Every structure is written in structure tokens, then in C-alpha cells.
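Read the structure below first, then the notes.
The values are calculated or read from the model by the stated rules, or taken from the named source; none is laboratory data. Because the structure is a prediction, the values reported are computed rather than measured. All Cβ positions, even for glycine, are placed from backbone atoms using ideal geometry, and neighbour counts span all protein chains on display.
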Amino acid sequence: MDEPLAAGSPPATAAETAPDAPWPLRVLSENLKRYFERAPQAWIEGQLIEFKVIRGNAWMTLRDLDADYSLPVTAWRNVAATLDGTVEQGSRVVACVKPSFYTKTGKLSMIASAMRPVGLGDLLARVEKLRRALEAEGLFSPERKKPLPVLPQLIGLVTGRDSDAMKDVMRNTHLRWPAARFEVREVAVQGANAPREVMAAVAELDAHPEVDVIVIARGGGALEEVVLPFSDESLVRAVAGTQTPVVSAIGHEADRPVLDDVADLRASTPTDAAKRIVPDAAVEREAIAGARSRLASGVERLVLHEAQQLQSLRTRPVLANPERMMSERTDDLERWRERARTSLAGQLDREHDAVGHLRARVRSLSPQHTLDRGYAVVQHGGRVVRDAGQVSPGDALDILVAAGRIAATTTGTTLGPESSAQSSTEETR
């Protein structure tokens with residue numbers, strides 16, 4: 001592909017080939033060999049699903065941990081000798097590989113220059129690193145936890161095929177609540193396919209309109225069988241994104257999978273999950289019976305109290321003899337009317353007497369009263385005569401008496417002592 005061929009040879013590049021100018025098969029094989037030999041080495045990780053040693057060489061098949069991809073890998077004698085006792089079929093390994101194309105058969109294989117098993121410590125370190133990263137994102141926050149329904153209409157159960165975990169969850173759930181219904185998805189709960197199958201089952205149950213809670217259950221087992229599949233990042237993120245509450249019942253106390261942290265509720269065992277997702281029917285019946293008893297007692301007490309109140313009201317005088325209230329009020333009204341009349345009459349008498357007294361006083365002080373006693377008012381020239389010295393004999397006088405007037409003429413005057421003194425005083429002035 002890169003080296004030009006001699007004159008008269010086939011075309012130099014694949015683009016120059018044609019039906020009348022084809023490449024010989026060896027040319028394509030040699031070009032492919034040169035192309036693959038330029039590819040760099042790469043470290044890959046997978047699970048050995050096939051491992052055979054023939055004449056000192058190791059022939060293996062490596063499969064991806066998450067997807068359905070596999071690749072043949074060969075380790076020659078010098079490398080295969082280092083693998084004796086360290087890896088076996090089913091091991092999880094990392095390998096440094098480089099592609100190799102065998103021209104005679106057209107077979108592409110990966111040649112391993114180094115391979116080592118992935119230790120459990122390395123896997124747990126990866127799990128803890130993922131746990132810290134997801135916690136920093138807030139996926140473990142209590143605010144994200146969804147509450148479980150008090151009584152789920154339909155329980156989604158993701159568990160192993162015909163597993164003891166499934167039987168424990170269903171048996172203990174039905175012991176507590178016989179009417180409980182399940183929608184079961186049996187999947188692989190260990191191995192490379194477990195995360196993908198569990199994730200698909202969770203998604204299917206989350207989309208089910210009647211499923212109110214999803215339980216992911218697995219019994220105990222080896223650490224790598226329990227913790228690793230349920231610490232897969234894709235599975236954990238899928239559970240975190242569900243709309244339906246998820247209960248994790250993996251049943252491994254020593255090392256918790258990351259699924260326990262992101263689930264809405266962690267149950268220590270499948271049996272514990274059954275106790276968490278449904279109430280105990282016996283306890284609920286006792287509670288209902290107690291509530292009914294308390295309610296009946298309360299109603300009886302209320303009815304008795306109201307009956308006593310009603311009896312008390314009925315025995316009161318106002319209800320025993322309703323006319324009495326009217327007659328008492330009539331008597332009271334009559335007494336108040338009589339008191340009002342008496343008070344008004346007394347007040348009128350007192351005021352009448354007061355007016356009479358005032359009238360007598362006014363009359364006693366009036367000039368007419370004085371005239372009625374025989375006194376008279378003498379006027380001369382329109383002025384009242386108070387002193388005899390004010391008139392002279394022959395003056396005309398007008399005398400006012402109690403009844404009428406008298407015209408008179410002065411015939412003479414006699415001055416009294418007071419009059420003489422007064423005259424003297426006036427003369428002196």
C-alpha cells in the first residue's frame with residue numbers, strides 16, 4: 001500500500017485497481033499485514049472466556065465486560081510461561097496487545113506481550129473511586145431519595161432466575177400482606193452480562209404504569225460476584241434516573257455495592273426488603289381494631305354526654321313550663337309600668353308644688369300684691385312721689401290703687417323727720 005510496485009506489476013494503491021487491473025490476493029494480504037504492523041500496542045481489559053495452552057503457546061478469547069464483544073488473543077511461549085497459575089478461564093485480566101495479520105490464512109489475531117489478572121483490591125479501589133465521584137455529583141443526597149408508597153399496587157422485582165432471593169422476597173411479602181402482587185424480571189445477577197440485564201429490567205419496570213416500587217434483590221455470595229456487578233456506573237446512573245422508588249436488597253454487609261448508596265432505600269437482605277415495602281397485615285388489623293374500638297367508645301361517650309345535656313335542658317323550668325317565663329315577664333312588665341306611673345305622678349306632684357311655691361313668691365314680690373294690701377302709688381307729673389316735699393298744695397296727683405286710679409288735688413303737706421333731713425341735705429349740696 002505504501003511501497004510502489006515495479007513496472008508491469010499490479011496497481012500501487014487500492015484506488016487504482018479495476019476489473020481489468022486487479023490485485024493478486026497476496027498483494028492485499030501483504031499490504032494488510034504492513035498496515036496492522038504499524039498499529040501501536042494497547043492495554044485492554046476483559047474476561048477470559050477461553051484459555052488453552054498448546055505446545056507452550058496460550059490461545060485465548062477475551063470478552064468485553066459490558067458489551068457483547070469478543071476478540072481472540074494469543075500469547076507466545078515466552079509470555080505464556082508467565083501466565084501459568086496467575087490467570088485461568090473466567091479471570092478478569094488486563095493485557096498489552098498488538099494486532100497481527102497472518103497472510104497465508106488471512107486471520108487477524110491479537111498478540112499479547114503482557115497480561116496480568118485484575119486483583120480484587122484494584123477492583124474495589126475502582127469502586128471506591130466511582131463512589132466518591134458519584135457522591136460529589138450529589139447522587140447520594142438524601143433530597144434525591146423518593147419515599148416508598150405505604151401500600152404499593154404492584155411490586156416490580158428484579159432478581160436471579162429461580163433464585164432464593166426471589167423466593168424470600170415473595171414469601172415474606174405475602175406473609176405480611178397476602179394480597180401483594182409482583183411483576184418479576186428474572187435476569188443474570190452475576191457475571192459480565194449482569195449490569196446490562198438488570199439495567200434493562202429496571203427500565204422496563206420503571207415504564208410500567210402500575211409498578212409503584214422496584215426491588216433489586218440478590219442473595220449473598222463472593223465479593224466480586226456481589227459488589228462488582230452492582231457497582232457498574234451505567235447501572236447506578238440508570239437507577240438514579242428512575243421515576244419509581246428503587247429498593248436495593250443485594251444482601252452483602254461487609255462491602256456495599258454502589259447501588260446501595262444511590263437507591264432510594266437500602267435493605268440488608270431480601271427478607272428485610274419484604275418487611276420494608278409492605279405493611280404487616282396483622283399489625284394493621286390490630287391497629288384498625290383498636291381505632292374502631294376507640295372510635296366506638298368516643299361515639300358512645302359523645303352520645304351519652306349529649307343525652308345528659310338534652311335531659312338537663314328538658315328538666316329546666318323554662319322548658320318544663322314555658323308559660324311561666326311569659327307570665328313572669330308579664331308580671332315584671334306590669335310592675336315596671338306601675339312603678340313608672342307612680343314615679344311619674346310623684347314627679348308631677350312635686351313639680352306642681354314647686355310651681356305653686358314659685359308663683360306665690362312671685363306674687364308676694366309683685367307691686368300688685370302690695371297694692372292689694374292697701375298701699376297706693378302717688379304720681380305727680382309722671383313721677384312717683386316718695387316725699388311730701390315733692391308736691392305743694394294745689395298740685396294735681398294721680399293715685400294708683402289695687403283696683404283703678406284716683407285723681408286728687410293736694411290740699412296740704414306735712415313733712416316727716418326723714419323728709420326734713422333729706423331736704424336739708426339736698427339744700428346743703
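Considering Val93, Val150, the condition of being under 28 Å from Ala81 (Cα atoms) and within 56 Å of the chain's Cα centre (by Cα) is satisfied by Val93 alone.
One line per residue, one yes/no per condition, for (1) touching a Lys or Arg at 6+ places or on another chain (Cβ under 8 Å); (2) under 30 Å from Ala14 (Cα atoms); (3) not in a strand (DSSP E or B); (4) not assigned by TED's automatic domain parsing to the domain that holds Asp232:
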position	(1), (2), (3), (4)
Ala58	yes, no, no, yes
Leu65	yes, no, yes, yes
Pro72	no, yes, no, yes
Asn78	no, no, yes, yes
Val94	yes, no, no, yes
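Within region 133-148, being part of a helix (DSSP H, G or I) and loosely packed, with under 10 Cβ neighbours inside 10 Å holds for Ala136, Pro142, Glu143. Here the condition is being of a type outside the set (Gly, Ala, Ser), in the same structural domain as Thr413 (by TED's automatic domain parsing) and more than 30 Å from Leu175 (Cβ to Cβ); of His357, His305, His380, it holds for His380 alone.
Among the residues of region 125-160, those identified as modelled with pLDDT of 90 or more and closer than 23 Å to Asn193 by Cα are Leu134, Gly156, Leu157, Val158, Thr159, Gly160. When residues in region 37-56 are screened for being within 19 Å of Leu108 (Cβ to Cβ) and not in a strand (DSSP E or B), 5 of them pass. Restricting the first member to region 1-27 and to residues that are under 23 Å from Thr105 (Cβ atoms) and not assigned by TED's automatic domain parsing to the domain that holds Thr103, and the second to residues that are at pLDDT below 90 and small (Gly, Ala, Ser), the beta-carbon pairs closer than 8 Å and six or more apart or on different chains are Met1/Ala14; Pro10/Ala21; Trp23/Ala14. Pairs meeting the criteria (first residue in region 193-213 and under 11 Å from Asp232 (Cβ atoms), second residue small (Gly, Ala, Ser) and crowded, with 17+ Cβ neighbours inside 10 Å, beta carbons under 7 Å, at least 6 apart or on different chains) are Met199/Ala238. Checking the condition without any contact (Cβ under 8 Å) to a residue 60 or more places away in the chain and under 60 Å from the mean Cα position of the chain (by Cα), which residue from Gly46, Gly56 passes? So the residue among Gly46, Gly56 that is without any contact (Cβ under 8 Å) to a residue 60 or more places away in the chain and under 60 Å from the mean Cα position of the chain (by Cα) is Gly46.
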